[in-house]
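Q: Here you go, one structure.
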Amino acid sequence: MIKIELDYVYGGNLLKKIIIGIAILLGLWLILNLANINTSYVIPTLIEWSTKFILPWIFLYWFVRLVKTREK
């Protein structure tokens, strides 16, 4: 039952998407280290910035869509 739901939600590529995401993160980490950028400062700062400014707008967008569908 859960596998069917996951296949429906993720298109059956969940493991592939996780592996690609991990590869991208490792590549980004490697590039930052090769450029002598302090990853212990940059990554937490990016996470903090995205939670302050980007994620609230994403939440607001989906909340407005939910309200619009409930009104119909």
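Laboratory data are not the source of any read-out in this text; all were calculated from the coordinates shown. Just so it is clear, the model here is predicted, and its values are computed rather than measured. No Cβ is skipped: glycine too gets one built from the backbone with ideal geometry, and neighbour counts run over all protein chains shown.
Q: Between Asn13 and Ile37, what FRET efficiency comes out of the Förster formula 1/(1 + (r/R0)^6) with R0 = 35 Å and r the beta carbon distance, rounded to 0.05?
A: Details: r = 32 Å, r/R0 = 0.90.
Computed FRET efficiency for Ile37 and Asn13 comes out at 0.65.
Q: Could you give me the ³J(HN,Hα) list for the stretch 17-33, computed from phi with Karplus coefficients 6.51, -1.76, 1.60 and θ = phi - 60°, whole Hz, x at Gly and Pro?
A: Those phi angles translate into 5, 5, 5, 5, x, 5, 5, 5, 5, 5, x, 5, 4, 5, 5, 5, 5 Hz.
Q: Decide, for the stretch 16-72, between rounded, prolate and oblate: order the square roots of the alpha carbon gyration tensor eigenvalues as a ≥ b ≥ c, take rounded if a/c falls under 1.5, and otherwise choose prolate if a/b is larger than b/c, else oblate.
A: Numbers: a/c = 6.03, a/b = 2.09, b/c = 2.89.
Note, shape of the stretch 16-72 comes out oblate.
Q: Treat every Asp and Glu Cβ in the stretch 10-72 as -1 and every Lys and Arg Cβ as +1, leave all other atoms uncharged, and give the resulting dipole magnitude about the Cα centre to the nearest 20 debye. All intermediate terms of the calculation are to be shown ahead of the outcome.
A: Working: 7 positive and 2 negative charges, 83 e Å.
My answer is approximately 400 debye.
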